[in-house]
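Taken together, the values in this text are just the output of simple stated rules run on the coordinates, not laboratory data. Not measured: the values here are computed from a predicted model. Here the Cβ positions follow ideal geometry from the backbone for every residue, glycine too, while neighbour counts run over all protein chains shown.
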Amino acid sequence: MPSTSSAASAITTLAEYRRLGLRKSAETLALGSVLYGTKNEKRLGDDLWSFLEQHAIAALDLGRFELAEDAIVRLATRFPQSPRVSALEGMLLEARGDLAGAKELYDSLLAEDETNVTILKRQIALAKLMHPKDPSVPIGLLTSYLDTFYSDPEAWLELADLYSALPLYPQTLFALEEAILLQPQNPFHLLRYAETLYTSGDIPAAWKAYLRVAEMQGDWRRAWLGVKLCARKLLQESEADRPELVQELDELATDRLLELYSTPKDASAGRPDEGTRKGVLKFLEVLS
Amino acid sequence: MPPSTTLSPLAHTKIILHAARYPEHIVNGVLVGKIGQDGAVDVVDAIPLLHNWTSLSPMMEVALELAASHASALSLALVGYYQADESLSTPAALSPTGQALAARFAKSTAPHNPSILLLSPADLADPESPALVALDSKSHAPSASHPVSTPNPALTRDALRAGVHERLGDFDEHLEDVRVDWLGNKGVGEWVKGREATW
């Protein structure tokens, strides 16, 4: 019999997962099973519906189709004609492999309302599944969506994902630039931009982008490692406009990384993994 | 003699656990071991690298450098690469980054072929199958003449059932939490050793 305290902690943890958008399906289902279909559901109050949606999606991820269907039927009963619930119904069809059925559902819903954003996005996700070797199909749908809904950073990131897998770097960078324009304070977009520039071979531009990220988020190992990688290439291939400046910033990056990999004074903070620490010292050319 | 790949139970378990740890992501990693004079690849261990932004190279480059140092300190080398896709149904293919790495490994293991492995999800249900297919390092197509084996595939299935994948950490996770032992994954190693002792 689930205890009341495990129910309370399940409720808190699941709410945190929803807040952060974490897709930890196995944990979600395990925690949710303490609540679903039990008296503990009452303790969710109005959050019951978000919980059911979260539980249904986790169930789909783990192949528990009957459980998902059960939760979705409850949502459909409470919210008839809801696009959000229709999206779940479509996802159930997709998960079961009935792609044609999902397509029919999305097409009919869009015929009723062509601005149904939730379903437009499901249509794009379905296109990825139905055309695994031809990304031009989902890309076409997504660019069409963005023509209308251009203030959607999530959609620009999805477009960057699709282009990046091909890879088409100029298009990827363009999509990331749109996301950055919409959310200039989000360091993840800028980091991804820096990493894409590096991958595409444009080291001088990657260097500048990485420095902006390090400025924004001073304790990010990824950013400082990127600064080191770029500095190395710029100095080795004599591509730097101002090599002395690159040298100085390279030393700054080394210092920051040494700090980030040193044993903290506060023992409870946990020590860096020793194997990696040795490797990083070598990488920084501090140990020969 | 055509190449072959043999994975130790530890290496095989780590690869499958990495795929299980991040089921909605593409995951990749490198293989550590030796290549014999006859081209037979003996994979002693696997090091899981990324599950995020797997199409981007800078963190991959850092991870490779760190992994290569780690391998050579053990008198071993990086002998190949593995990738597992996020979709069970669409046919898996080597990503462009994977292709670039395959070319890079082919150069470093020449004249022998490196071991480029792709998860074969359809074979996961068969407990006797390693569920990994080797790709030709030039054409990147599944190689009919490069067998992949592991002495105890059932051990990996046990590890999945026991939830050991939760103990595994890759380089991406290390970048978020500097305590993560992605090079050694001693927690997984201990579990495998404990199980091997009972066989």
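For the Cα trace of the stretch B:119-158, dividing Rg by the Kirkwood Rh returns an Rg/Rh value of 1.02. Relative to the current alpha-carbon distance between residue A:6 and residue A:285, full extension at 0.36 nm per residue lengthens the span by 95.4 nm. Counts of other chain beta carbons within 10 angstrom of each beta carbon in peptide A:46-57 average 0. Kirkwood analysis of the protein assembly as shown, using all unique Cα-Cα pairs, places the hydrodynamic radius at 24.6 Å. Each pair of Cα atoms in the stretch A:217-288 enters the Kirkwood radius, and Stokes-Einstein at 10 °C and 1.306 mPa s then converts it into a translational diffusion coefficient of 121 µm²/s. Applying 1/(1 + (r/R0)^6) with R0 = 25 Å to the Cβ-Cβ distance of residue A:41 and residue A:65 gives a FRET efficiency near 0.75. Per residue of A:30-42, other chain Cβ atoms within 10 Å of the residue Cβ number 0 on average. For the peptides A:9-17, B:13-21, the ranking by packing is B:13-21, A:9-17, with the highest mean count of neighbouring Cβ atoms within 10 Å listed first. You can think of it this way: the chain between residue A:239 and residue A:114 has 40.0 nm of extra reach, that is 0.36 nm per residue less the Cα-Cα gap. Between residue A:252 and residue A:166, the modelled labels are 3.6 nm apart [label points 7 Å from Cα along Cα→Cβ]. Here the spin labels are modelled as points 7 Å beyond Cα on the Cα-Cβ line, and at residue B:108 and residue B:34 they lie 1.9 nm apart. Which angle between 0 and 90 degrees, to the nearest 10, do you get for helix A:83-95 versus the longest principal axis of chain A when only C-alpha atoms count? Helix A:83-95 sits at roughly 80 degrees to that axis. Net charge within 13 Å of residue A:111 by Cβ-Cβ distance, Lys/Arg positive one each and Asp/Glu negative one each, not counting residue A:111 itself? Within the 13 Å Cβ shell, the charges total -4.
Here the 3J(HN,Hα) profile of the stretch B:2-10, calculated from phi with Karplus coefficients 6.51, -1.76 and 1.60 at θ = phi - 60°, is x, x, 8, 10, 10, 9, 5, x, 5 Hz, Gly and Pro shown as x. Rounded to 0.05, the FRET efficiency of the residue B:75 and residue B:190 pair, given R0 = 30 Å and the Cβ-Cβ distance, is 0.85. In degrees between 0 and 90, to the nearest 10, how far off the longest principal axis of chain A does helix A:187-200 point, with axes built from Cα atoms? That works out to roughly 60 degrees. In this label model, residue A:263 and residue B:198 are separated by 3.7 nm, measuring between points 7 Å along each Cα→Cβ vector. Dividing the convex hull volume of the alpha carbon atoms of chain B by its residue count gives 118 Å³ per residue. By the rule of a C-alpha distance below 25 Å, with chain neighbours fewer than 8 residues away ignored, the lysines paired with residue A:39 are A:24.
Relative contact order (percent) for chain B, with alpha-carbon contacts under 8 angstrom and 6 or more residues of separation?
On the way: 383 pairs, mean separation 51.3, N = 199.
Relative contact order for chain B comes out at 26 percent.
Our coupling estimate for the stretch B:150-160, obtained by passing each phi through the Karplus curve with A = 6.51, B = -1.76, C = 1.60 and θ = phi - 60°, is 8, x, 9, x, 5, 4, 5, 4, 4, 4, 4 Hz, Gly and Pro reported as x. Inter-chain Cβ neighbour count for B:168-178, averaged per residue, equals 3 (cutoff 10 Å, partner chain atoms only).
Rounded to the nearest Hz, the phi-derived 3J(HN,Hα) couplings of the stretch A:161-166 under the Karplus curve 6.51 cos²θ - 1.76 cosθ + 1.60 (θ = phi - 60°) are 4, 5, 5, 5, 6, 7, where x marks glycine and proline. In chain A, the longest principal axis of the Cα atoms and the axis of helix A:117-130 are about 80 degrees apart. Relative contact order of the stretch A:149-241: what whole-number percent is it, with Cα pairs under 8 angstrom and at least 6 residues apart? With pairs under 8 Å counted, the relative contact order is 20 percent.
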